[in-house]
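A.B. asks: Please see the structure below; I have some questions.
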Amino acid sequence: MTKAVLGVIGGSGIYDLPGLTNVREKRIASPWGESSAPLRIGEIDGLPVVFLSRHDKGHRLSPTDINYRANIDSLKRAGVTDLVSLAACGSFKEELPPGTFILIDQFVDRTFARESSFFGKGCVAHVSMAHPVSPRLRIHLAEAARVENIDVVRDGTYVCIEGPQFSTLAESMTYKNIGYSVIGMTNMPEAKLAREAEICYATVAMVTDFDCWHPDHDAVTVQDIIKVLTANAEKAQRLVARLARDFPRQHEPCPIGSDRALDTAIITAPASRDPSLLKKLDAVAGRVLKV
């Protein structure tokens, strides 16, 4: 079996991961460019843990400016097998007020200005995204939350917009009426790229506001969000620490095959594959491409 390495991507308000021991900071070179920040590599109770600040310290990067491909590629090169995304979001439901944690099970991608695949001209691949979240990872998160007395909602749909502007009222009402649970700006194409890299992926969406559909909260402000972010960050750090303590030390095969996603995904014939692209895919797809 493969040794488990837990990856954690910290979103808005989470720029470090207290509790990591034997920490070293490392910028891993990626052919896809520069990651958001250096990786913080350490362990929690003996489990290897790799932390990446999605926006970098000081919140330097907007959602569109994040190099999602470099982030996922760097985490893959660091050996990450299971990846938890911590993400601030707005809520479309009264029963999901600010402070709520949701274990997302579905995504809708409304982004348009980001590179969303490692593959393309010279090596085409189509991975399945029907079930974008690794179920076992989500179960481990739910159990960690239970032990830490952190209330979580087990299911929800996250719609990802381009940003950096918040939604118009018409957009917010549309997403609410469709039935989406929350809205954010960062988990796509992150989840798609994790699947292409055969990394098990799960999101903890942390509600900070009601977007602008709510008649009593019709103007989302950064100041209001920051207040909730601070409280959410403390709970998120406890959740991750407990997850790491109880996490299996050997990687569990994913029941939906997210860790074998490329087995049947690559359609380009070997003779037609671009050698320069194959070289860039050495970490992401080396297992199936034998590069």
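The values are calculated or read from the model by the stated rules, or taken from the named source; none is laboratory data. Only a predicted model underlies this, so the values are computations on that prediction, with no experimental measurement involved. No Cβ is skipped: glycine too gets one built from the backbone with ideal geometry, and neighbour counts run over all protein chains shown.
A.B. asks: Among (1) over 27 Å from residue 67 (Cβ atoms); (2) within 19 Å of the chain's Cα centre (by Cα), where does residue 199 come up short?
C.D. replies: So residue 199 meets the others, but not (1).
A.B. asks: Taking the conditions exactly as written (of a type outside the set (Gly, Ala, Ser) and over 24 Å from residue 54 (Cα atoms)), does residue 143 satisfy them or not?
C.D. replies: yes
A.B. asks: Something else about it: Answer yes if at least one residue in segment 169-181 is within 20 Å of the chain's Cα centre (by Cα), farther than 30 Å from residue 251 by Cβ and in a loop (DSSP other than H, G, I, E, B), and no otherwise. So that I can check it myself, show each step before the final result.
C.D. replies: Of the residues in segment 169-181, the ones within 20 Å of the chain's Cα centre (by Cα) are 180-181.
Filter once more, so that each one left must be farther than 30 Å from residue 251 by Cβ: 180.
Imposing the further condition that a residue be in a loop (DSSP other than H, G, I, E, B) reduces the set to 180.
Yes: one or more hits.
A.B. asks: Oh, and also: Checking the conditions here, which among 113, 87 is touching a residue at least 24 places away in the same chain (Cβ under 8 Å), over 24 Å from residue 286 (Cβ atoms), touching a Ser or Thr at 6+ places or on another chain (Cβ under 7 Å) and surrounded by 24 or more Cβ atoms within 10 Å (Cβ to Cβ)? Let's see the steps before the verdict.
C.D. replies: Numbers: 113 fails: surrounded by 24 or more Cβ atoms within 10 Å (Cβ to Cβ).
After ruling out the rest, the residue left standing is 87.
A.B. asks: Restricting to segment 268-290, give me the number of residues that are assigned to a loop (DSSP other than H, G, I, E, B), more than 23 Å from residue 201 (Cβ to Cβ) and either in contact (Cβ under 8 Å) with a residue 60 or more places away in the chain or touching a Lys or Arg at 6+ places or on another chain (Cβ under 8 Å) (or both).
C.D. replies: Quick first cut of segment 268-290, residues assigned to a loop (DSSP other than H, G, I, E, B) only: 268-269, 273-274, 281, 290.
If we keep only those that are more than 23 Å from residue 201 (Cβ to Cβ) too, we end up with 268-269, 273-274, 290.
Going one step further and asking which of them are either in contact (Cβ under 8 Å) with a residue 60 or more places away in the chain or touching a Lys or Arg at 6+ places or on another chain (Cβ under 8 Å) (or both), we end up with 268, 273-274.
Of the residues in that region, 3 qualify.
A.B. asks: Same structure again: For segment 79-122, enumerate the residues that are at positive phi and assigned to a strand (DSSP E or B).
C.D. replies: 120
A.B. asks: Right, something else. Can we say residue 8 is crowded, with 17+ Cβ neighbours inside 10 Å, in contact with a helix residue (DSSP H, G or I) (Cβ under 7 Å, 6 or more places away or on another chain) and modelled with pLDDT of 95 or more?
C.D. replies: Answer is yes for this residue.
A.B. asks: Could I ask something else about it? So in segment 46-57, with the set limited to residues that are modelled with pLDDT of 95 or more and more than 16 Å from the chain's Cα centre (by Cα), which one is farthest from residue 189 (Cα to Cα)?
C.D. replies: Per the criteria, the residue is 46.
A.B. asks: State whether one or more residues within segment 153-164 are farther than 27 Å from residue 265 by Cα and in a strand (DSSP E or B).
C.D. replies: Yes, segment 153-164 contains a residue that is farther than 27 Å from residue 265 by Cα and in a strand (DSSP E or B).
A.B. asks: Could you tell me how many of the residues in segment 90-110 are among the β-branched types (Val, Ile, Thr), surrounded by 20 or more Cβ atoms within 10 Å (Cβ to Cβ) and within 15 Å of the chain's Cα centre (by Cα)? Steps first, please.
C.D. replies: In the first step, residues of segment 90-110 are kept if they are among the β-branched types (Val, Ile, Thr); the result is 100, 102, 104, 108.
Next cut, surrounded by 20 or more Cβ atoms within 10 Å (Cβ to Cβ) only: 100, 102, 104.
Keeping just the survivors that are within 15 Å of the chain's Cα centre (by Cα) gives 102, 104.
Residues flagged as among the β-branched types (Val, Ile, Thr), surrounded by 20 or more Cβ atoms within 10 Å (Cβ to Cβ) and within 15 Å of the chain's Cα centre (by Cα) within segment 90-110 amount to 2.
A.B. asks: So which residues in segment 64-78 are of a type outside the set (Val, Ile, Thr), surrounded by fewer than 24 Cβ atoms within 10 Å (Cβ to Cβ) and either under 15 Å from the mean Cα position of the chain (by Cα) or farther than 18 Å from residue 6 by Cα (or both), if there are any at all?
C.D. replies: Hits for segment 64-78 are 65, 67, 70.
A.B. asks: Which of the residues spanning segment 27-50 are of a type in the set (Ser, Thr, Tyr) and part of a strand (DSSP E or B)?
C.D. replies: 30
A.B. asks: Are any residues in segment 240-267 hydrophobic (A, V, I, L, M, F, W, C), within 16 Å of residue 136 (Cα to Cα) and assigned to a helix (DSSP H, G or I), and if so, which ones?
C.D. replies: 240, 243, 244
A.B. asks: Since residue 160 meets every condition but one in (1) farther than 20 Å from residue 113 by Cα; (2) free of Cβ contacts under 8 Å to residues at least 60 places away in the same chain; (3) within 21 Å of the chain's Cα centre (by Cα), which condition does it not meet?
C.D. replies: With respect to (1) farther than 20 Å from residue 113 by Cα; (2) free of Cβ contacts under 8 Å to residues at least 60 places away in the same chain; (3) within 21 Å of the chain's Cα centre (by Cα), residue 160 is out only on (1).
A.B. asks: Just need a number here: residues in segment 51-70 that are of a type outside the set (Asp, Glu), part of a loop (DSSP other than H, G, I, E, B) and more than 20 Å from residue 117 (Cβ to Cβ).
C.D. replies: Filtering segment 51-70 for residues of a type outside the set (Asp, Glu) gives 51-55, 57-64, 66-70.
Then keep just the ones that are part of a loop (DSSP other than H, G, I, E, B); that gives 54-55, 57-64, 66-67.
Imposing the further condition that a residue be more than 20 Å from residue 117 (Cβ to Cβ) reduces the set to 55, 57-62.
Residues in segment 51-70 being of a type outside the set (Asp, Glu), part of a loop (DSSP other than H, G, I, E, B) and more than 20 Å from residue 117 (Cβ to Cβ): 7 in total.
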